[in-house]
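The next block holds one structure in the form of structure tokens; read it before the comments.
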Amino acid sequence: MMFYKKNQQKINGLWYPKSITWGKAITTDQVADQLAYLSTTTRGDAYAIVKNLGKVLSLYMAQGRTVKIDGVGTFYYTAAANKKGVQTAKEVSASQIVGVRVRFIPEVERDVNSKVVTRSMVDNNICWEEWGKNSTNSGGANSDNPGGSGEGGLDENPLG
């Protein structure tokens, strides 16, 4: 079950649902346990693979490559440039790059009309419920300690 809360935008004053996460983040150990359960690998093997995945992705992406993982999607780097544009193409240089971002595109399956049929990692049967209303999840949306980042709060952006 996924949760949302009501959120009013400052720019236009309109209200929208905003997805939230709850509870502590799932750990590498938990992911490894689930992978071992679903496959023929041991927990230790699955842990080692998951633990090293980021290093492998960054190795290839630093070479200017995209990395496509079947059933997951494609990862790649983009350059973050400073806000100081230049007048001509001849003036463009690497010194304008101030950072690197990792981008991710989930894998999709399309039908013969190029319509998206399925999107990896997106369950087609997600049930949305307003946070704090009639929740029956373990830990409970109505619980005194809903979780979040381990601080007892909600994570509206778990990466932020």
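The values are calculated or read from the model by the stated rules, or taken from the named source; none is laboratory data. Keep in mind the model is a prediction, meaning the values are calculated, not measured. In this analysis, Cβ positions are derived from the backbone assuming ideal geometry, glycine residues included, and neighbour counts consider all displayed protein chains. These accessible areas exclude ligands, DNA and RNA; they are computed on the full protein's heavy atoms, side chains included. Shrake-Rupley method; radii C 1.70, N 1.55, O 1.52, S 1.80 Å.
So the values come out like this:
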{"read-out": "Percent carbon-and-sulfur accessible area, the range 1-84, ignoring ligands, DNA and RNA, probe 1.4 Å", "value": "58 percent"}
{"read-out": "Sites S39 and Q87, calculated FRET efficiency, Cβ-Cβ separation with R0 45 Å, nearest 0.05", "value": "0.25"}
{"read-out": "Within the range 1-72: Cβ-based charge dipole about Cα centre, in debye rounded to nearest 20 (Lys, Arg +1; Asp, Glu -1)", "value": "460 debye"}
{"read-out": "DSSP-assigned coil residues among trypsin sites (Lys or Arg not before Pro) in the range 1-96, each with at most 16 further Cβ atoms within 10 Å", "value": "K10, K24, R65, K83, K84"}
{"read-out": "GluC sites (Glu not before Pro) lying in DSSP loop within the range 76-110, provided at most 16 other Cβ fall within 10 Å", "value": "E107"}
{"read-out": "Pairwise FRET efficiency - S19 versus V50, Cβ, R0 = 30 Å, nearest 0.05", "value": "0.75"}
{"read-out": "Cβ-based net charge around I49, under 14 Å, with every Lys or Arg adding one and every Asp or Glu removing one", "value": "0"}
{"read-out": "Relative intensity, log₁₀ I(q)/I(0), of the range 65-136 from a Debye sum that treats every alpha carbon as a point, q = 0.18, 0.20, 0.21, 0.22 Å⁻¹", "value": "-0.86, -0.90, -0.93, -0.97"}
{"read-out": "Positive minus negative residues near L35 (Lys, Arg vs Asp, Glu; Cβ under 13 Å)", "value": "-1"}
{"read-out": "Per residue, in Å², the accessible surface of the range 3-125 once ligands and nucleic acids are set aside, probe 1.4 Å", "value": "80 Å²"}
